1. Chains B and A: how much accessible area gets covered up at their contact, both sides added, probe 1.4 Å, in Å² to the nearest hundred?
2. Provide the percentage of antiparallel DSSP beta bridges, counting only those with both residues in chain B; round to the nearest 5.
3. From the convex hull of the Cα coordinates of the protein assembly as shown, what is the mean projected area in square nanometres?
4. Considering lysine pairs in the stretch B:313-460 that are 8 or more places apart or on different chains, how many have Cα atoms under 12 Å apart?
5. Rounded to whole Hz and in sequence order, give me ³J(HN,Hα) for the stretch B:379-394 from the Karplus expression 6.51 cos²θ - 1.76 cosθ + 1.60, θ = phi - 60°, writing x for Gly and Pro.
6. Principal axes first, then extents: for the Cα atoms of the stretch B:130-256, list largest minus smallest coordinate on each axis, whole Å, largest first.
7. Can you list the residues of the stretch A:127-155 whose accessible area drops by at least 20 Å² going from the chain on its own to the full set of protein chains, with a 1.4 Å probe?
8. How many Å² of accessible area per residue for chain A, probe 1.4 Å?
Amino acid sequence: MRVLLAGFGVVGRSLAEIVIEHGDYLRKLNGLNIRFTAIVDSGGSVVDERGLNLNEVLNVKKNSGSVSFHPQFGRKNASVLELLDELEVDILIDATPTNLVDGEPSYTYIKKALTLGVNVVTVNKGPLAYALPALKELASYKGVLLRFSGTVGGGMPVIDFAKQCAKGDRVVKIEGVLNGTSNYIISRMEDGLEFEDSLREAQEKGYAERDPSLDIKGYDTAAKLVILANEVLGMAVTIKDVSIKGIENLTLKDVQEVLKQRKTYRLIGKVDGGLKVEPTLVDLADPLAVRYAMNAVSFTTSLSGRHTISGKGAGGRETAIAIIRDLIEIKKKLGEA
Amino acid sequence: MRIVMKFGGTSLGDGEKIKNAAKIIRDHLEKNEVIVVCSAMAGITDKLFSLVEKGVRGRVKDVETTLNEISDTHLKALDAALSNENLKKEVKQLLEDLFNELRRAVMSVLYLREVTPRSRDYIVSFGERLSTRIMWGALTELGVNCKYLDGGDAGIVTDSNFGEASPLMEITRLEVRRRLGSLLDRGITPIVTGYIAVNEEGVTTTLGRGGSDYTATILGYCLDVDEVWLWSDVDGLMTADPKIVKNAKVIPTVSFSEAIEMALFGAKNLHPRALEPALQAGIKVRIKNTFNPSAPGTLITTTSEKSGSVVKAVLLVKDVAMLTIRGASMVGRPGTVAKILETLARENINIMMISQSVSESSVSIVIKKQFLAKALSKLETALLGSKLVEDIEAEEDVCVVAVVGEGMRGTPGVASRVFGAVAKKGINIRMIAQGSSELNISFVVKDEDGPEAVRAIHEEYNL
């Protein structure tokens with residue numbers, strides 16, 4: 001399958017590495033032969049219609065900062081939109097940075113790809129939080145696939161798990177700890193650290209973004225909640241429908257106080273009628289009281305009760321694996337057609 | 001309040017009328033946010049369709065004449081609607097550009113002697129594009145900060161079913177919010193072309209049935225408005241056609257189901273499809289008259305207010321025909337009705353009413369009169385000589401009387417009152433149908449008895 005990869009940050013590079021290491025294995029076991037026709041980063045692009053040599057591209061990126069410095073196939077000014085028009089690819093993989101304000105430029109990339117009949121895998125929450133119902137409508141109208149399992153829970157297969165829970169049953173409530181950074185901070189406050197120190201530590205460990213406000217103020221959680229609400233509950237909602245409160249006002253005293261009653265705070269995103277993100281008091285024994293950078297999501301169904309999945313939430317490699325999972329799914333669907 | 005106001009073709013019939021509509025908008029802007037939707041000026045869309053036909057037939061002179069008529073109408077309207085000369089010049093340039101664009105499109109049809117649904121949509125879209133420019137001038141002259149947009153620029157995205165496109169609602173909602181939302185936030189009044197949109201690739205499409213009303217309710221749905229006002233040249237939905245019943249009145253409130261029922265039976269130019277988005281979002285729709293703007297009009301709403309009367313309106317549907325298919329051997333033989341329906345469906349003929357006696361020896365259907373000859377011939381071909389059917393009888397001198405009202409549901413005795421009133425006038429009823437929704441009772445009488453039957457029921461229920 002011919003792929004255009006937009007974004008060559010941590011996730012994009014991890015994907016390339018996995019394909020180098022496990023390419024043969026993926027071909028043998030899943031019949032998946034991923035051919036990178038083009039890779040685009042902020043400096044430009046590299047294009048080879050016969051399929052790029054990933055080792056070469058990774059080296060160029062490492063040594064000179066942008067894939068566009070590739071001596072043979074590098075291009076200085078080629079945008080994703082132009083390349084979609086020029087090249088005939090089967091799949092757009094969108095691994096561009098998240099923008100939760102209006103989902104751009106990712107929203108425009110995805111829309112263009114779907115309009116051209118190109119399948120899309122994205123790990124970018126921005127366009128989905130902003131326009132998931134619209135993008136799903138467009139994909140189904142054009143008869144192509146839109147996959148995004150890497151946007152929620154990283155390598156933890158949350159959406160598939162939820163769909164299993166809902167078979168012959170109905171999910172009525174979703175609650176989840178969906179942001180590793182804020183969960184790390186609260187966990188360290190339980191250990192006795194001040195908010196600012198916990199935040200600094202999270203940044204040093206590489207959990208938090210350089211601008212951690214998306215994590216702390218609850219927007220990242222809200223974006224993931226919107227994706228779950230659309231995909232699992234069939235709602236047509238966007239991030240504007242979520243009432244959002246972050247952990248920025250939580251103090252060490254608050255956290256220590258409730259610990260005495262064997263309770264703690266978690267930044268929980270919840271769909272139960274409406275959509276809400278807020279620091280919520282839970283029992284220490286509750287399955288959602290996961291610690292440090294872990295994620296956990298509970299799905300309550302009308303017949304079989306509450307099911308919880310927990311695991312490591314984010315990370316480049318984990319997210320790249322989610323992309324591979326989506327590619328396998330698309331290959332299967334295209335093969336059936 | 002946030003209101004979508006749609007102005008029909010008759011309300012924009014000439015320059016004075018456009019000026020009048022602009023004043024209505026300005027007056028409501030004092031207390032409200034308004035999104036304006038304009039139809040084409042009266043008669044223009046028909047002319048555009050005829051341009052296409054003339055083009056295909058290669059009638060060069062006729063094309064020229066019609067093109068000139070279209071530009072004359074608009075330039076005259078512009079002259080009367082605006083007085084500021086500079087502004088007039090600016091709008092005139094906009095119109096001239098559109099005339100040229102239209103001329104080029106029509107010329108290519110003329111040369112190729114060929115038209116596709118896609119190019120037809122493009123050509124017929126000019127009516128709304130022209131009228132919005134004049135409205136923009138008129139509003140600007142009144143000091144309103146406004147902007148004209150084509151349906152696609154406003155964010156309405158449809159499928160590629162040219163001529164009868166359906167909106168992709170989620171994409172439309174997103175795009176409309178993003179484009180018109182930001183205009184409204186900046187205090188700019190959007191003036192949007194009714195009827196026209198674009199597909200996902202940006203090619204012009206038209207919404208077909210429901211037209212500009214549909215545009216208005218789509219925008220209402222997307223922008224969470226409080227009300228959609230459909231301005232035209234009538235005071236609202238009436239209890240009966242005032243030409244038939246002298247004391248017919250405007251109905252102050254109807255439910256969506258009643259309105260849809262009345263629309264199906266041809267009340268005004270309302271199309272049921274256009275009410276869908278409003279019904280879905282629970283947005284009130286008002287029908288108002290630009291020539292009598294202070295009149296309250298008719299309010300269409302989801303909260304069904306039980307009015308005093310169980311019957312809301314009595315409608316007369318003319319230009320119909322009744323076909324009766326008879327045959328003793330049809331009794332107990334399944335499939336005859338299926339065969340009738342299938343035959344007519346294949347010819348794209350819509351069945352308005354159907355009824356069958358329990359004895360199964362005859363089936364009656366009502367269709368539009370224009371399809372009668374075709375329907376009769378196709379049914380004869382399909383059914384006669386099959387031993388099942390002995391005779392197919394057509395009656396052209398009939399009409400349908402429809403009695404509409406949500407209050408009829410679960411109220412016993414409606415039928416006896418309705419038919420009692422008709423019987424008292426000595427009118428013979430040929431055929432009856434009532435859906436189990438009980439929203440309407442319709443029956444067929446002779447053409448000459450129609451008006452009398454309507455008056456009798458109108459009187460019986462004191463409408």
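The values are calculated or read from the model by the stated rules, or taken from the named source; none is laboratory data. Everything quoted here is computed from the prediction, not taken from an experiment. Cβ coordinates were reconstructed from backbone atoms using ideal geometry, including for glycine residues, and neighbour counts include every protein chain displayed. Keep in mind that these areas ignore ligands, DNA and RNA; they rest on the heavy atoms of the full protein, side chains included. Shrake-Rupley method; radii C 1.70, N 1.55, O 1.52, S 1.80 Å.
1. Working: alone 20400 and 15270 Å², together 34460 Å².
Interface between B and A: roughly 1200 Å².
2. Just about 60 percent of them are antiparallel.
3. The Cα convex hull of the protein assembly as shown, projected and averaged over all directions, gives 44.5 nm².
4. Eligible lysine pairs with Cα atoms under 12 Å apart amount to 4.
5. Once rounded to whole Hz, the list reads 5, 4, 4, 7, 10, 5, x, 8, 6, 6, 10, 8, 8, 10, 10, 10.
6. 50, 39, 27
7. A:Tyr130, A:Pro133, A:Ala134, A:Glu137, A:Leu138, A:Tyr141, A:Lys142
8. Numbers: 14670 Å² over 337 residues.
That works out to 44 Å² per residue.
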